[in-house]
1. Considering each residue of segment 216-229, count those that are assigned to a helix (DSSP H, G or I) and at pLDDT below 85, and give that number.
2. Across segment 22-35, what is the number of residues that are loosely packed, with under 13 Cβ neighbours inside 10 Å, touching a strand residue (DSSP E or B) at 6+ places or on another chain (Cβ under 8 Å) and closer than 11 Å to residue 334 by Cα?
3. Given the conditions (1) at pLDDT below 95; (2) in contact with a helix residue (DSSP H, G or I) (Cβ under 6 Å, 6 or more places away or on another chain), report the number of the one that residue 146 does not fulfil.
4. How many of the residues making up segment 320-344 are buried (at least 17 other Cβ atoms within 10 Å of the Cβ) and out of contact with any helix residue (DSSP H, G or I) (no Cβ under 9 Å at 6 or more places or on another chain)?
5. With the requirement that a residue be in contact with a helix residue (DSSP H, G or I) (Cβ under 9 Å, 6 or more places away or on another chain) and closer than 14 Å to residue 117 by Cβ, what does segment 46-75 give you?
6. Residue 257 fails exactly one of the following numbered conditions: (1) under 20 Å from residue 40 (Cβ atoms); (2) not assigned by TED's automatic domain parsing to the domain that holds residue 313. What is the number of that condition?
7. Let me confirm something: among 213, 208, 201, 232, which residue is at positive phi, modelled with pLDDT under 95 and surrounded by 12 or more Cβ atoms within 10 Å (Cβ to Cβ)?
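The values are calculated or read from the model by the stated rules, or taken from the named source; none is laboratory data. Quick caveat, the model's predicted, so the values are computed rather than measured. As a convention, Cβ positions derive from the backbone with ideal geometry for all residues, glycine included, and neighbour counts pool all protein chains shown.
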């Protein structure tokens, strides 16, 4: 075995990757299945919402001017002509001194320009019988309303011709509500990338197994599958496979948009994946000047993007964040950038790093200050559960002194 003769910079690796990723084709799905999906085309409304003037509260539809001066001591009489219910309008026109009892969401009758709230109304004696509500009944207004009060106008929510949602938007539940309100039964969305997850190693037991002897339990599979699904992928992960050229090649050439291999990515005699990618496709990147994750590789086999992530769990997490996750998000129409919030805070202790190498430092935030947990220790996955996030030291920096303000990317 031998070491890497040369490591590419993170910037160079990202440049190669960005030249090979773009959004996949679109597909049409039922609206019910569109939550979280990315719109492939803008959504334009062809209708007004609402499509009619409607009451925004229960009360009485009438002519506002006729309530001028109404108080409990200056009662204004009105004759109730009938009811307007949601989906069941009152079809006659209303004149001065007349009113229609109206429910929230019901169409406002012709001639009316306001809804007088029910609490501003008192019934006259003899008009309390619900069975007689359809007859013309007297009420008294004891409060006034202005024109347009308590009425939702045509197009108040959405005007026909308005672009309500732009392409590239990840659909939220309320977005589906808006689309449904303008009559959309389906959504045109970017196809979700299919990811084949390949965990290699003769010593690796299936996820959830109890470690025994000199064997270890797969931690990377569940972690990487969850990350890829978070970023919008459909993940195929049948479980760990052994270090065998034929078995690994079959996985590398499986039907997927992206192949993510974890384990066997370095330059040892059992590191088969890089040789197989180089033989059957293009191994464009192998070895990156970063810590952890320096054995990371990237390439293609046919139309598939292949990512070779180290087997050490923190290295695998770091390499996924920088490279594989970026590709999954881009293919699915999402932003390539990290889906993490960031905060800026002062360092409690210094972080050192050599020029020419990017470092991924796990940190915790305590009392408003950033406490470094680890820069090395690529196999110590529990350091990421103790951490609130990570700090990136660029390859042009020797690190940060204590007290320096740094950007902390917070684990989601």
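1. 0
2. 0
3. Every condition holds for residue 146 apart from (1).
4. Count: 4.
5. 57, 58, 59, 60, 67, 70
6. Condition (2) is where residue 257 drops out.
7. Testing whether each residue is at positive phi, modelled with pLDDT under 95 and surrounded by 12 or more Cβ atoms within 10 Å (Cβ to Cβ) leaves just 201.
Okay, residues lined up against (1) at pLDDT 95 or above; (2) over 17 Å from the mean Cα position of the chain (by Cα); (3) farther than 19 Å from residue 82 by Cβ:
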position: 24; (1), (2), (3): yes, yes, yes
position: 27; (1), (2), (3): yes, yes, yes
position: 45; (1), (2), (3): yes, yes, yes
position: 50; (1), (2), (3): no, yes, yes
position: 54; (1), (2), (3): yes, yes, no
position: 58; (1), (2), (3): yes, yes, no
position: 63; (1), (2), (3): yes, yes, no
position: 66; (1), (2), (3): yes, yes, no
